[in-house]
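Colleague: Please find one structure pasted underneath; my questions will follow.
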Amino acid sequence: MELNSKIYVAGNTGLVGSALVRKLKSEGYSNLLFTPWSDYDLRNQKQTEDFFIETRPEYIFLAAAKVGGINANEIYPAEFIYDNLMIELNVIHFAYMYNVKKLLFLGSSCIYPKLAKQPITEDELLTGSLEPTNEPYALAKISGLKMCDYYRKQYGCDFISAMPTNLYGPNDNYNLETSHVLPAIIRKLHLAKLLTNNDFTGIRKDLQFKPFSVKTKYNSDCSNEEILSILSKFGINLSTDNSYDVTLTLWGSGSPYREFLYVDDLASALLYLMRNYSNYGHINIGTGEDITLKELAYKVRKVIDFKGEIEWDPTKPDGTKRKLLDVTKINSIGWRHKYTLEEGLGKYYQQYLEGKEI
């Protein structure tokens, strides 16, 4: 891949895509291609083909996807499977049709069975049933990586697949109805801290500046009582004695283990794979270390300096009990992560405060 190669980053405005763009630019790659949503809907076969005809990309990072947490997967299962399948089918097929030199498809660790052996090696794929709470998304991602394998087998395409663990970083989704667990915890704890300080001005600023909820409509003229009602829907409540001591209630038991990778580390890994890896079958990307969600919440609480209580609602789903990736394969070819969780969380919260998200 030359510095002036035509490199298409599909999904360039999202969490992963924007990190890739930052990384590529920092390495001197200047001929980057994008598909603005207003001009190209990758679910649309004709619009996708038109893009390939007009631009003729040489290398593709396929990071475009519809993503979300447990709640979003539960509300929009049809959209998760349809949107992701259509994006993958169109981009991968036209990459073959228009002689793309190399494509890297980005999957997700949710492709693995709910009861996969821990840590999860690449060969655990399709050895058991999926976690029901994200099955539509997982099925779509499995189809994408298998499509890359089969196009490699039948047509000799240099298409590879990478499966990252849970991600966080700049341009994350903080919408409390559709976000993943870590951005949701960051935002809820930030709002809870503002409420603890009786800072309704800060709460109004937060609700106006960042996406809050698809279903919860916010008016800047809301009274303090109306704001308290909105926050309560997301588990942020004043103590019963009506002081400004605040309790935050999070979903589930807090016992599941999760692994977290700072998205700039992922961008580094993806560029490394594009330069150095070409093989049948997917490859895991992660840190090889995990933490319970309860431990994670208290780490975030320390970073944000929230003094209130954190409680858990075991009536809400936990999802997969543990999902730790075995990263032996990617480590063996020369890549390792850089950021510790503590370092990443500090950067992450500062970026949130600075408004560096969609």
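The values are calculated or read from the model by the stated rules, or taken from the named source; none is laboratory data. Because the structure is predicted, anything quoted here is derived from the model rather than measured. Note that each Cβ is placed from the backbone with ideal geometry, even for glycine, and that neighbours are counted across all protein chains shown.
Colleague: Scan LYS302, LYS323, LYS338, LYS307 and give me the residue that is among the basic types (Lys, Arg) and within 27 Å of GLU131 (Cα to Cα). Break it down stepwise before answering.
Modeller: On the way: LYS302 fails: within 27 Å of GLU131 (Cα to Cα); LYS338 fails: within 27 Å of GLU131 (Cα to Cα); LYS307 fails: within 27 Å of GLU131 (Cα to Cα).
Answer to the selection: LYS323.
Colleague: Examine segment 177-185 for a residue that is touching a Ser or Thr at 6+ places or on another chain (Cβ under 6 Å) and under 22 Å from THR13 (Cβ atoms), and state whether such a residue exists.
Modeller: Yes.
Colleague: Of the residues in segment 146-174, how many are over 30 Å from LEU353 (Cα atoms), of a type in the set (Gly, Ala, Ser) and assigned to a loop (DSSP other than H, G, I, E, B)? So that I can check it myself, show each step before the final result.
Modeller: Pass one, segment 146-174, residues over 30 Å from LEU353 (Cα atoms): 146-162.
Of the ones still in play, those that are also of a type in the set (Gly, Ala, Ser) are 156, 161-162.
Next cut, assigned to a loop (DSSP other than H, G, I, E, B) only: 156.
Of the residues in that region, 1 qualify.
Colleague: Sort through ILE70, ILE60, ILE87 and tell me the only one that's farther than 17 Å from SER161 by Cβ and either over 17 Å from the mean Cα position of the chain (by Cα) or aliphatic (A, V, I, L, M) (or both). Even if it seems obvious, please write down each step before you answer.
Modeller: Working: ILE60 fails: farther than 17 Å from SER161 by Cβ; ILE87 fails: farther than 17 Å from SER161 by Cβ.
One residue alone meets the criteria, ILE70.
Colleague: GLY286 passes all but one of (1) of a type in the set (Gly, Ala, Ser); (2) buried (at least 16 other Cβ atoms within 10 Å of the Cβ); (3) more than 23 Å from the chain's Cα centre (by Cα); which number fails?
Modeller: Failed condition: (3).
Colleague: Of the numbered conditions (1) at pLDDT below 95; (2) within 20 Å of the chain's Cα centre (by Cα), THR315 fails exactly one; give the number of that condition.
Modeller: Unmet for THR315, out of (1) at pLDDT below 95; (2) within 20 Å of the chain's Cα centre (by Cα): (2).
Colleague: Could you please let me know if LYS329 is in contact with a Phe, Trp or Tyr (Cβ under 8 Å, 6 or more places away or on another chain), of a type in the set (Lys, Arg) and surrounded by 17 or more Cβ atoms within 10 Å (Cβ to Cβ)?
Modeller: In short, no.
Colleague: Given the condition of a type outside the set (D, E, K, R), farther than 26 Å from LEU103 by Cα and in contact (Cβ under 8 Å) with a residue 24 or more places away in the chain, answer yes or no: does some residue in segment 284-291 qualify?
Modeller: yes
Colleague: Step by step: first the residues of segment 22-37, then only those that are touching a residue at least 60 places away in the same chain (Cβ under 8 Å) and more than 14 Å from PRO57 (Cβ to Cβ), then the one that is surrounded by the fewest Cβ atoms within 10 Å (Cβ to Cβ). Which residue is that?
Modeller: GLU27
Colleague: Here's a check for you: in segment 258-280, which residue that is part of a strand (DSSP E or B) and of a type in the set (A, V, I, L, M, F, W, C) is surrounded by the most Cβ atoms within 10 Å (Cβ to Cβ)?
Modeller: Ranking the qualifying residues of segment 258-280, first place goes to LEU261.
Colleague: For segment 123-145, which residues satisfy the criterion of being in contact with a Leu (Cβ under 9 Å, 6 or more places away or on another chain) and assigned to a helix (DSSP H, G or I)?
Modeller: Those that are in contact with a Leu (Cβ under 9 Å, 6 or more places away or on another chain) and assigned to a helix (DSSP H, G or I): ALA138, LEU139, ALA140, LYS141, ILE142, SER143, GLY144, LEU145.
Colleague: Can you name every one of the helices (runs of 4 or more DSSP H) wholly within segment 175-255 that holds 1 or more residues which are surrounded by fewer than 19 Cβ atoms within 10 Å (Cβ to Cβ) and either touching a strand residue (DSSP E or B) at 6+ places or on another chain (Cβ under 8 Å) or modelled with pLDDT of 95 or more (or both)?
Modeller: 224-232
For every residue, the table says whether it meets (1) under 17 Å from HIS282 (Cβ atoms); (2) surrounded by 24 or more Cβ atoms within 10 Å (Cβ to Cβ).
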| site | (1), (2) |
| --- | --- |
| TYR98 | no, no |
| PHE105 | yes, yes |
| PRO113 | yes, no |
| LYS117 | yes, no |
| LEU126 | yes, no |
| GLU131 | no, no |
| LYS141 | yes, yes |
| PRO164 | yes, no |
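Colleague: Further, regarding this structure: Can you name the condition, by its number, that GLU49 falls short on among (1) farther than 23 Å from SER109 by Cα; (2) modelled with pLDDT under 95?
Modeller: (2)
Colleague: Follow-up. If we scan segment 313-324, do we find a residue that is in contact with a Ser or Thr (Cβ under 7 Å, 6 or more places away or on another chain) and under 30 Å from ASN198 (Cα atoms)?
Modeller: yes
Colleague: Pick from segment 70-96 the residues that are touching a helix residue (DSSP H, G or I) at 6+ places or on another chain (Cβ under 6 Å) and among the aromatic types (Phe, Trp, Tyr): which of them is surrounded by the fewest Cβ atoms within 10 Å (Cβ to Cβ)?
Modeller: Checking each candidate, the answer is TYR96.
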